[in-house]
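Remarks on the structure that follows.
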Amino acid sequence: MRDAVTTSNLVEVENVTFSYDRREVLKDINLVIPRGKAVAIMGLSGCGKTTLLRLIGGALIPDKGEVRVAGRAINRLGYDELFALRRKMGMLFQFGALFTDMSSFDNVAFPMREHTGLPEPLIRDMVLMKLQAVGLRGAADLMPAELSGGMARRVALARSIALDPMLMMYDEPFTGLDPVSLGITGQLIRRLNDSLGATSIIVTHDVAEALELVDYVYYMSAGKIEFHGTPGEVRAAGHQALRQFVYGEPDGPVPFHYPAPEYRLDLLAQ
Amino acid sequence: MMRRVGELLRALGTRVVDNWIWRLGFASRFLWLTLKESGTSFRRFHLTVREIYFAGVLSLIIILVSGLFVGMVLGLQGYDTLVRYGSSEALGVLVSLSLVRELGPVVAGLLFASRAGSAITAEIGLMKATEQLSAMEMMAVDPIARVVAPRFWAGVISMPLLAALFSAMGVFGGYLVGVRLIGVDEGSFWSQMQAAVDFREDILNGVIKSLVFGVAVTWIAVFEGYDAPPTAEGVSGATTRTVVTASLAILALDFVLTALMFRGS
């Protein structure tokens, strides 16, 4: 096992292959996430981005290859070690995944109460600080059902940074947000990354927002990494599928039509 | 012909193995995990108390009202039969024995399955569908310890208490109809009941039944919720399955337990 101090990469994914049932979702993936950086994993829906995130979080185990976080092979950790490592990770789910039976305050307090055993007055102060950081201290007593989509996402963000994680993972943080909430969320992700000294992985297909935000981009297609580079390199890239993705062209290497029998024959068929 | 029969048998076998035996094995492992992770439910008992409120306290109205009506009907029907044999004073015995040994645990169990069991399944299933369980796991909190076990123990604790309250309400209903309305002698109603109902043979056996039903119903409810496909149909199907499977389990277990407790004297 490698020493965590000697490697400058917080996350290393090496030759990882993964399949659901017999369908191969990831094929021989290699990527590294350097410490302190914000890295985007982009690609079309269904290309295996979220699966990759789950592999890094240890929720799935690769068929082949190795996933290392802070120098530790996550697929070889025992249950207790995995949970100990997860305390240093934060994950923001696509729609927030707030606990619907608890107020915003209790949601953010949840990881602290579960893991720290700190006295309640101290937890209160810490929760208010986290909510202040996402601008929702005033919404502490609201229930998740009373929050808008963007607000719920921010409360979930406050919850995922409750224990000051070293690694933050964002699963489609921009989906379904209005332009204002989208801008706020983007800024927050960058600010939290820099002020916490954390490392961020952002899985998204929101090109414009992600290219503004991150230090490095991995572009995935059909379970493979097709291209990687800085945002500037991505914009300038001659890679055709990537161009289609970045500039949102309807047809190109990625076809508009899902594979089907010939149209004429299909219509004439009984 | 023989080949068709063979194919039919094979299809039947596959269905039985896949739908029943495989699931039963899976559910048993789930129960074992729940028991293993039950420490939190008792160390932080307020988690379990909260679930007792949702499963037990909120079921009180339906349990008490149903108990009262079942008891009143027993009073009417029992009197009607007993008076033919000139033994209407035995009404108290009839009402209390039917309730404590049979109707209390069984009817309270069926009501508990449809009131609390369905709610537990739907809640856990929706938590899964909205990724709340995954989020918990990513926060290094085990959902089986934090969500499933407290609900399981809340059901196991609530069920015997609800069955006891059902029986008590039923006896009161029988008293209202038999003594107050029809005019059976009050002294013999209570004294015959006191003489005929045995604590160990009748009451304790009833409590054992309701405890077993509590385990069965809550086990089915938490498992179906946890195992539900994370979609709208998935959760609604799981909720229906909880009520159907739990009700059948109660009736089947009731027969087995009654047979085991049967003295034949």
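Examine the stretch B:129-144 for a residue that is assigned to a helix (DSSP H, G or I), of a type in the set (S, T, N, Q) and more than 14 Å from chain A (Cβ to nearest Cβ), and state whether such a residue exists. Checking the stretch B:129-144: not a single residue is assigned to a helix (DSSP H, G or I), of a type in the set (S, T, N, Q) and more than 14 Å from chain A (Cβ to nearest Cβ). Restricting attention to the stretch A:151-177, the residues that are farther than 20 Å from residue A:42 by Cα and outside any helix (DSSP H, G or I) total 6.
Pairs linking a residue in the stretch B:1-23 that is farther than 28 Å from residue B:238 by Cα to a residue that is hydrophobic (A, V, I, L, M, F, W, C), with Cβ atoms under 8 Å and 6 or more positions apart or on different chains, do not occur.
For residue A:128, the stated conditions do not hold, so it cannot be described as surrounded by fewer than 17 Cβ atoms within 10 Å (Cβ to Cβ), away from chain B (no Cβ under 14 Å), free of Cβ contacts under 8 Å to residues at least 60 places away in the same chain and assigned to a loop (DSSP other than H, G, I, E, B). Of the residues screened, residue B:168 is not one that is within 14 Å of another protein chain (Cβ to nearest Cβ), part of a helix (DSSP H, G or I) and surrounded by fewer than 20 Cβ atoms within 10 Å (Cβ to Cβ). The one condition from (1) assigned to a loop (DSSP other than H, G, I, E, B); (2) closer than 30 Å to residue A:90 by Cα that residue A:186 does not meet is (1). When residue B:79 is tested against (1) closer than 21 Å to residue B:254 by Cβ; (2) surrounded by 18 or more Cβ atoms within 10 Å (Cβ to Cβ); (3) not acidic (Asp, Glu), only condition (1) is not met. Inspection of the stretch A:82-104 identifies at least one residue that is within 23 Å of the chain's Cα centre (by Cα) and more than 12 Å from chain B (Cβ to nearest Cβ). The one condition from (1) in contact with a strand residue (DSSP E or B) (Cβ under 7 Å, 6 or more places away or on another chain); (2) surrounded by fewer than 17 Cβ atoms within 10 Å (Cβ to Cβ) that residue A:225 does not meet is (2). For the stretch A:105-123, the candidate set comprises residues that are in contact (Cβ under 8 Å) with a residue 12 or more places away in the chain and away from every other protein chain (no Cβ under 13 Å); within that set, the residue that is nearest to residue A:204 (Cα to Cα) is A:105. In the set B:43, B:50, only one residue is in contact (Cβ under 8 Å) with a residue 40 or more places away in the chain and among the basic types (Lys, Arg); that residue is B:50. For the stretch B:186-199, check the following and say yes or no: at least one residue is buried (at least 19 other Cβ atoms within 10 Å of the Cβ), among the hydrophobic types (A, V, I, L, M, F, W, C) and closer than 24 Å to residue B:124 by Cα. For the stretch B:186-199, residues buried (at least 19 other Cβ atoms within 10 Å of the Cβ), among the hydrophobic types (A, V, I, L, M, F, W, C) and closer than 24 Å to residue B:124 by Cα: absent.
Within the stretch B:93-115, is there a residue that is over 26 Å from residue B:258 (Cα atoms), touching a residue at least 60 places away in the same chain (Cβ under 8 Å) and either not in a helix (DSSP H, G or I) or not aromatic (Phe, Trp, Tyr) (or both)? Within the stretch B:93-115 (the criterion being over 26 Å from residue B:258 (Cα atoms), touching a residue at least 60 places away in the same chain (Cβ under 8 Å) and either not in a helix (DSSP H, G or I) or not aromatic (Phe, Trp, Tyr) (or both)), the answer is no, since none of the residues qualifies. As for the stretch B:101-110, it holds at least one residue that is away from every other protein chain (no Cβ under 14 Å), out of contact with any His (no Cβ under 7 Å at 6 or more places or on another chain) and surrounded by fewer than 19 Cβ atoms within 10 Å (Cβ to Cβ).
A short reminder: the numbers here are calculations on the coordinates, not readings from a lab. These numbers were taken from a predicted model, which means no experiment stands behind them. When we count neighbours, we look across all protein chains shown, and the Cβ atoms used for this are built from the backbone with ideal geometry, even at glycine.
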